[in-house]
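Asks: Would you mind keeping the following structure in view while I ask a few things?
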Amino acid sequence: MDYYRPDLTGPRPMPFQAPQGDLAVLAGSANPLLAQNIANSLGVPLTPCRAHIFSEGNVFVRIKENVRGKDVYIIQGCHYPVNDNFMELLFWIDALKRASAQNVTAVIPFFSYAQGDKKDEPRVSIRARVCADAIEAAGADRVLTMDLHSPQIQGFFRVPVDHLYGRNVLVEHFKSMQIPDLVVCSPDVGFAKGAAAYASLLQCPVVIGNKQRTDHTETVQIVEVIGDVQDKNVLLVDDLTITGRSLIEMAKVLKSRGAKDVYAAVSHGVLSKGAGPRIAESDIKKMFITDTIESSFDPLPANVEVVSVSKLFAAAIRSIHDRTSVSMLFPDGKPHVP
């Protein structure tokens with residue numbers, strides 16, 4: 001892209017190159033496969049780098065190639081092991097700034113601590129804010145992430161945050177199945193707005209579940225379903241699932257209310273120990289998750305399918321690098337990816 005400035009010695013404008021450096025992509029240890037697919041979509045090689053954990057748990061990172069003056073995108077999610085991955089992200093950012101990278105963008109496919117977004121109990125930490133401060137202090141110039149637990153978390157950062165939505169990719173994949181008599185369902189009122197966005201993309205009604213958590217044991221109780229699901233196929237939607245219990249219990253209630261087949265679409269399939277077998281035995285006919293998380297405690301069951309968001313991230317990185325609008329990736333709610 002050329003920018004123009006007046007030529008003080010003549011009447012014609014003179015072009016000069018845009019200020020960004022060369023594009024460079026690094027893969028942290030959390031998302032090597034996703035990073036490679038993003039790099040392939042961008043048509044650039046991954047910059048050689050190395051992360052090592054010493055026997056006592058100390059994390060060491062090193063960039064093996066000159067990045068001076070480059071626009072660097074470090075792809076490192078904050079999923080299990082959450083603290084190791086988060087500390088590694090901070091060290092990558094620091095190493096890149098000390099190596100004189102022109103701009104460093106932290107690409108965080110899944111930001112686990114986004115769940116700690118409020119002080120809803122006495123004397124607790126707002127963990128998402130602490131992590132945001134740490135990412136800024138390490139030197140990140142920008143953050144690119146997907147489906148934060150609460151979009152308001154973008155306000156915790158003083159650097160620009162580009163927030164992607166996995167639902168656009170998941171909906172395009174689900175549409176190809178051509179499921180009739182479809183209803184979208186949120187397992188709780190907290191994701192009601194997200195469910196409405198899914199329903200708008202799929203042009204179908206939305207119903208809402210009401211669940212209760214009484215403690216931190218990750219158990220739930222579905223209290224009520226607001227809306228009619230009789231003789232309907234239902235798509236359960238959420239931003240993430242850890243144990244799978246909310247979706248499983250909701251699917252059970254939906255079947256008891258006369259629903260036909262129950263599907264699920266979740267941006268981040270955290271899937272802690274035991275979640276896989278639990279989902280395999282549930283009333284969920286098919287669950288779709290994205291590839292933002294590569295670690296797995298159990299093999300994925302046959303009724304869980306992974307949908308890649310690598311092209312979406314690649315398109316966003318290209319837009320950031322070319323100084324064009326990231327929001328234009330979603331005109332009318334439809335993803336435009338290469």
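Asks: Springs between alpha-carbon atoms under 10 Å, Gaussian network over the chain: tell me which of Val44, Val207, Val266 tops the mean-square fluctuations.
Replies: Of Val44, Val207, Val266, the most mobile in the Gaussian network model is Val44.
Asks: Assuming 0.36 nm per residue, please report the length gained on full extension of the stretch Asn303 to Met328 beyond their Cα-Cα distance. The partial results should precede the final answer.
Replies: On the way: separation 25, 0.36 × 25 = 9.00 nm, distance 3.34 nm.
Extending this stretch completely gives an extra 5.7 nm.
Asks: By per-residue mean of other Cβ atoms within 10 Å, what is the highest-first order of 253-262, 184-193?
Replies: On the way: 253-262: 18.3, 184-193: 20.5.
The densest-packed peptide leads the list: 184-193, 253-262.
Asks: Where both partners of a DSSP beta bridge lie in the chain, what percent of those bridges are antiparallel, to the nearest 5?
Replies: On the way: 14 of 57 bridges.
About 25 percent, rounded to the nearest 5.
Asks: Tell me, Asp133, Asp239 in order of fewest to most beta-carbon neighbours within 10 Å? Don't skip to the answer; put the middle values down first.
Replies: Details: Asp133 13, Asp239 21.
With the fewest neighbours first, Asp133, Asp239 line up as Asp133, Asp239.
Asks: Working out 0.36 nm times the residue gap between Ile53 and Ala134, then minus their Cα-Cα distance, what length gain in nm do you get to one decimal?
Replies: That works out to 27.1 nm of additional length.
Asks: Something else: To test your reading of the geometry: what angle, between 0 and 90 degrees and rounded to tens, separates the Cα axis of helix 245-256 from the longest principal axis of the chain?
Replies: Tilt relative to the chain: about 40 degrees.
Asks: Determine the relative contact order of the chain: mean sequence separation of Cα pairs under 8 Å and six or more apart, normalised by residue count, in whole percent.
Replies: So the answer I get is 13 percent.
Asks: Hey, with R₀ at 56 Å, roughly what FRET efficiency would Asp231 and Val82 work out to, going by the Cβ-Cβ distance, to 0.05?
Replies: The pair Asp231/Val82 has a calculated efficiency of 0.85.
Asks: A follow-up question, please. First measure r as the distance between the Cβ atoms of Asp94 and Leu33, then evaluate 1/(1 + (r/R0)^6) with R0 = 41 Å and state the FRET efficiency to the nearest 0.05.
Replies: Numbers: r = 25 Å, r/R0 = 0.61.
Taking R0 as 41 Å, the efficiency between Asp94 and Leu33 is 0.95.
Asks: Say R0 is 45 Å: what FRET efficiency, to the nearest 0.05, do Lys118 and Arg68 get from their beta-carbon distance?
Replies: For Lys118 and Arg68, the calculated efficiency is 0.65.
We did not get these values from a lab; they are worked out from the coordinates using the rules stated. Bear in mind the structure is a predicted one, so any value in this text is a computation, not a measurement. Don't worry about glycine lacking a Cβ; one is built from the backbone with ideal geometry, like all the others, and counts go over all protein chains shown.
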